[in-house]
Amino acid sequence: FEVSTLRKLATALRCELVVKLEPGDGNAIHPTRSEVVAKLRRLFWDQEFTKRHVEENPLWVVERVLEYGNLEDLHLVIGFLGRAEFLRKVSEARFSTERTREFWEQILKKEGMTCTRRFSREEAATSWRSSND
């Protein structure tokens, strides 16, 4: 049904229309480290990117995907790390832009979590000012 049709039905039946989206695992993917490296290598143009990096430094991988990746990349990393671990890494991530940080802060807020880092330019400015005082 279209939403407008559902609204009419709800009104006719004197009901409240509630549309709710919840995460599901019906189509969950569980990629291997090799698949993650193969699909995300383009995001690491400035570094060698190996399976070891995926395992030893998932925060770095998450930060790159949040800044430069697309929705498919996001799903790949969530599938590899799991939803809870992915959200923990997002809360620790450094963002290069205020806009990206604000977006992910809102996502974390909806998940009942908080962002624990400021965006990189803000941190750099703060450390630069304190070292020059």
> Looking at (1) touching a Leu at 6+ places or on another chain (Cβ under 8 Å); (2) open to solvent by 80 Å² or more (accessible area, probe 1.4 Å); (3) farther than 23 Å from Leu87 by Cα, which is the only condition Trp45 fails?
Replying inline: (1)
>> Can you report the number of residues in the stretch 64-97 which are small (Gly, Ala, Ser) and out of contact with any helix residue (DSSP H, G or I) (no Cβ under 7 Å at 6 or more places or on another chain)?
In response: 3
> So which of Leu59, Leu6, Leu21, Leu17 is open to solvent by less than 100 Å² (accessible area, probe 1.4 Å) and outside any helix (DSSP H, G or I)?
Replying inline: Leu17
> Of Arg52, Arg7, which residue is more than 20 Å from the chain's Cα centre (by Cα) and over 23 Å from Gly79 (Cβ atoms)?
Replying inline: Arg7
> Do we find that Glu35 is open to solvent by 60 Å² or more (accessible area, probe 1.4 Å), part of a helix (DSSP H, G or I), within 21 Å of Glu105 (Cα to Cα) and not hydroxyl-bearing (Ser, Thr, Tyr) in this structure?
Replying inline: no
>> Looking at the stretch 69-99 only, could you name the residues that are among the polar types (S, T, N, Q) and closer than 21 Å to His53 by Cβ?
In response: Asn70, Ser91, Ser96
> Does Glu72 fit the bill of being farther than 24 Å from Leu21 by Cα, within 16 Å of the chain's Cα centre (by Cα) and without any contact (Cβ under 8 Å) to a residue 40 or more places away in the chain?
Replying inline: no
> Is it true that Val37 is touching a helix residue (DSSP H, G or I) at 6+ places or on another chain (Cβ under 9 Å) and of a type in the set (Val, Ile, Thr)?
Replying inline: yes
>> Condition first: open to solvent by 80 Å² or more (accessible area, probe 1.4 Å), in a helix (DSSP H, G or I) and free of Cβ contacts under 8 Å to residues at least 60 places away in the same chain. Can you find one or more residues in the stretch 82-100 that meet it?
In response: yes
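The values are calculated or read from the model by the stated rules, or taken from the named source; none is laboratory data. It should be emphasised that the depicted structure is a prediction, and the values quoted were computed from it without experimental measurement. Every residue, glycine as well, gets a Cβ built from its backbone with ideal geometry; the counts of neighbours run over all protein chains shown. Accessible surface areas use protein heavy atoms only, side chains included; no ligands, DNA or RNA. Shrake-Rupley method; radii C 1.70, N 1.55, O 1.52, S 1.80 Å.
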